[in-house]
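The values are calculated or read from the model by the stated rules, or taken from the named source; none is laboratory data. These numbers come from a predicted model, not from an experiment. Heads up, the Cβs are rebuilt from the backbone with ideal geometry, glycines too, and the neighbour counts pull from every protein chain shown. Heavy atoms of the whole protein, side chains included, go into the accessibility calculation; ligands, DNA and RNA do not. Shrake-Rupley method; radii C 1.70, N 1.55, O 1.52, S 1.80 Å.
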Amino acid sequence: MSASRSITILGSTGSIGQNTLDVVSRHRDNYRIVALTANTDVDTLEKQCLQWQPEYAVMSDLSSAQQLADKLKNGGLATQVLAGVEGLQQVSSLEQVDTVVAGIVGAAGLLPTLTAAESGKRILLANKEALVMSGQLFMDAVRNNGAELLPVDSEHNAIFQCMPHAVPGMAAPEQHGVNRILLTASGGPFRSTPLDHFGEITPEQAVSHPNWVMGQKISVDSATMMNKGLEVIEAHWLFTVPQQLIEVVIHPQSIVHSMVSYNDGSILAQLGNPDMRTPIAHCLAWPERIDSGVEPLDIFDVAKLEFEKPDFQRFPCLKLCNEAMQAGGSASVALNAANEIAVEAFLHKRIPFTAIAALIESVLSQITITDVNSLDDILAADLSARELAQSHINRSQTV
Ligand SMILES: NC(=O)c1ccc[n+]([C@@H]2O[C@H](COP(=O)([O-])OP(=O)(O)OC[C@H]3O[C@@H](n4cnc5c(N)ncnc54)[C@H](OP(=O)(O)O)[C@@H]3O)[C@@H](O)[C@H]2O)c1
């Protein structure tokens, strides 16, 4: 490899964070872990600090940060413990860091990921919610500060690999003959569940994805296909491609991670076993290639690849994402906020699975869609959609 890289991992205790550390552990001479972060998982972050001895560890939750600081001090570790969103922003902008892995889940990732863009870092973007919320503002920050945005989401990473000319955010792919982006989706655990059983779906069933092992929120998003809708919005911003050129394709085997269709009749696809270490390794080493630890794909074993059109009645969240994108302004911010509140309530068994889409639809129909020209506009739209979604849930429980 040409140069070694110094890394901050935002969300190191999560699925993306742990997969990143797994890849890095195979190439210790080329990567240095400068900072690790989490929210409340003190035990896992403590173990990671003992193993990786980073300069900084950050916990968003203040009392967790104090607990971690006490533990590391007792263990004689020199790692400096920081707290809160300010701590996350500090480790996203450190001069000695050139690469920031954006692996926090949800809107909580927005501020530190934006800070990484404003600080001109190479960003390995997994936290799609940050881009869904801040779209234009985020891409402007990337462009204006010389940051480098590399997509970790397996579909976007596949698209990136199938567009040799692409620099995320820099050029419209139509200029290179692209006429369609085919964004694949497994269809999640309920692809063929009878619709009249949807009301009884439990959180345990929803988080058990047939092909991928992921955090709880993205697993529920995959079950509702909200994840795919958010990915359409993500693809639009990353690759400067209009919504109508992005087509969702159900592909139950999760072997083809996405495809790009060209005007000469070619369709390029990226294939591999469903394991996030492949896109993470691709982004860590880009434009070179490194071993990720992923088993090579046995195409004879796979034998069959199936593709279907999505069913919008089964997956209303897909439709809501399309509508929010068409509405523009603060609609995607409100969609994301309402979804986060709804998924949290579903995971705590406060609302049924079917209420997730219903709640988001109701928030989108009641909220006033405004222009979002600044971070303050985005945060205000996020807050008012959260409050509205929460009030719906509270009201439904007092009836
Ligand atoms: N997992 C995948 O395979 C996958 C694939 C593609 C894209 N993504 C995207 O990657 C992101 C992370 O997903 P994940 O599955 O890795 O999630 P996850 O396993 O739930 O991990 C989330 C990470 O974010 C931290 N976190 C949670 N709330 C936070 C807050 N308020 N402030 C600061 N940190 C916070 C968590 O810390 P604690 O451990 O302390 O809670 C944890 O380190 C999501 O945006 C997801 O859509 C994930």
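Select, from Gln313, Gln397, the only residue that is modelled with pLDDT under 95 and part of a helix (DSSP H, G or I). So that I can check it myself, show each step before the final result.
Details: Gln313 fails: part of a helix (DSSP H, G or I).
Matching residue, one of Gln313, Gln397: Gln397.
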Tell me, please, whether a residue that is under 16 Å from the mean Cα position of the chain (by Cα), among the aliphatic types (A, V, I, L, M) and open to solvent by 40 Å² or more (accessible area, probe 1.4 Å) can be found in segment 274-288. no
Of all residues making up segment 126-139, the number that are open to solvent by less than 10 Å² (accessible area, probe 1.4 Å), more than 12 Å from the ligand (Cβ to nearest atom) and either within 19 Å of Val248 (Cβ to Cβ) or of a type outside the set (A, V, I, L, M, F, W, C) (or both): 2
Could you please tell me which pairs satisfy a Cβ distance under 6 Å, a separation of 6+ or placement on different chains, a first residue in segment 229-242 that is open to solvent by 40 Å² or more (accessible area, probe 1.4 Å), and a second residue that is part of a helix (DSSP H, G or I)? His236/Gln243; Trp237/Leu131; Trp237/Gly135; Trp237/Met139
Residues that are surrounded by fewer than 18 Cβ atoms within 10 Å (Cβ to Cβ), in contact (Cβ under 8 Å) with a residue 40 or more places away in the chain and of a type in the set (A, V, I, L, M, F, W, C), drawn from segment 165-207: Met170, Ala171, Ala172, Leu195, Phe198
The lone condition Leu114 fails out of (1) in a strand (DSSP E or B); (2) more than 30 Å from Arg314 (Cβ to Cβ) is (1)
Counting just the residues of segment 365-388 that are more than 22 Å from the chain's Cα centre (by Cα) and under 23 Å from Met225 (Cα atoms), which one comes out surrounded by the fewest Cβ atoms within 10 Å (Cβ to Cβ)? Ser365
Check on Asp264, open to solvent by 60 Å² or more (accessible area, probe 1.4 Å) and in a loop (DSSP other than H, G, I, E, B): yes
Considering only segment 80-96, how many residues are among the hydrophobic types (A, V, I, L, M, F, W, C) and assigned to a loop (DSSP other than H, G, I, E, B)? 1
Are there any pairs with C-beta distances below 9 angstrom linking a residue in segment 102-129 that is under 17 Å from Gly17 (Cβ atoms) and among the basic types (Lys, Arg) to a residue that is modelled with pLDDT of 95 or more and near the ligand (Cβ under 6 Å from one of its atoms), with the two at least 6 apart or on different chains, and if so which? Lys128/Asp153; Lys128/Ile218
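Given the criterion within 16 Å of the ligand (Cβ to nearest atom) and in contact with a strand residue (DSSP E or B) (Cβ under 8 Å, 6 or more places away or on another chain), identify the matching residue among Leu110, Leu82, Leu114, Leu94. Explain how you work it out, then say what you get.
Values: Leu110 fails: in contact with a strand residue (DSSP E or B) (Cβ under 8 Å, 6 or more places away or on another chain); Leu114 fails: in contact with a strand residue (DSSP E or B) (Cβ under 8 Å, 6 or more places away or on another chain); Leu94 fails: within 16 Å of the ligand (Cβ to nearest atom).
Sole residue among the options that is within 16 Å of the ligand (Cβ to nearest atom) and in contact with a strand residue (DSSP E or B) (Cβ under 8 Å, 6 or more places away or on another chain): Leu82.
Can Thr99 be described as at pLDDT 95 or above and closer than 30 Å to Phe307 by Cα?
On the way: at pLDDT 95 or above: yes; closer than 30 Å to Phe307 by Cα: no.
Judged against the criteria, Thr99 is not a match.
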Determine, yes or no, whether Asn322 is more than 24 Å from Ala206 (Cα to Cα) and either part of a loop (DSSP other than H, G, I, E, B) or at pLDDT 95 or above (or both). no
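Yes or no, residue by residue, for (1) more than 12 Å from the ligand (Cβ to nearest atom); (2) in contact with a strand residue (DSSP E or B) (Cβ under 7 Å, 6 or more places away or on another chain):
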{"site": "Ala141", "(1), (2)": "yes, no"}
{"site": "Val152", "(1), (2)": "no, yes"}
{"site": "Gly199", "(1), (2)": "yes, no"}
{"site": "Val213", "(1), (2)": "no, no"}
{"site": "Asp221", "(1), (2)": "no, no"}
{"site": "Met225", "(1), (2)": "yes, yes"}
Checking Ile123 against (1) within 14 Å of the ligand (Cβ to nearest atom); (2) within 28 Å of Asp275 (Cβ to Cβ); (3) under 17 Å from the mean Cα position of the chain (by Cα); (4) part of a helix (DSSP H, G or I), only one condition comes out false. Which one? (4)
Could you please let me know if Ile104 is modelled with pLDDT of 95 or more, touching a strand residue (DSSP E or B) at 6+ places or on another chain (Cβ under 6 Å) and under 30 Å from Pro274 (Cα atoms)? yes
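Scan segment 234-261 for residues that are of a type in the set (A, V, I, L, M) and either modelled with pLDDT of 95 or more or outside any loop (DSSP other than H, G, I, E, B) (or both) and jot them down.
Residues of segment 234-261 of a type in the set (A, V, I, L, M): 235, 238, 241, 245-246, 248-250, 255-256, 259-260.
Once the filter is applied, which keeps residues that are of a type in the set (A, V, I, L, M) and either modelled with pLDDT of 95 or more or outside any loop (DSSP other than H, G, I, E, B) (or both), segment 234-261 yields Ala235, Leu238, Leu245, Ile246, Val248, Val249, Ile250, Ile255, Val256, Met259, Val260.
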If you check Gly87 against the conditions, is it within 16 Å of the ligand (Cβ to nearest atom), closer than 21 Å to Glu340 by Cα, open to solvent by less than 10 Å² (accessible area, probe 1.4 Å) and within 23 Å of the chain's Cα centre (by Cα)? no
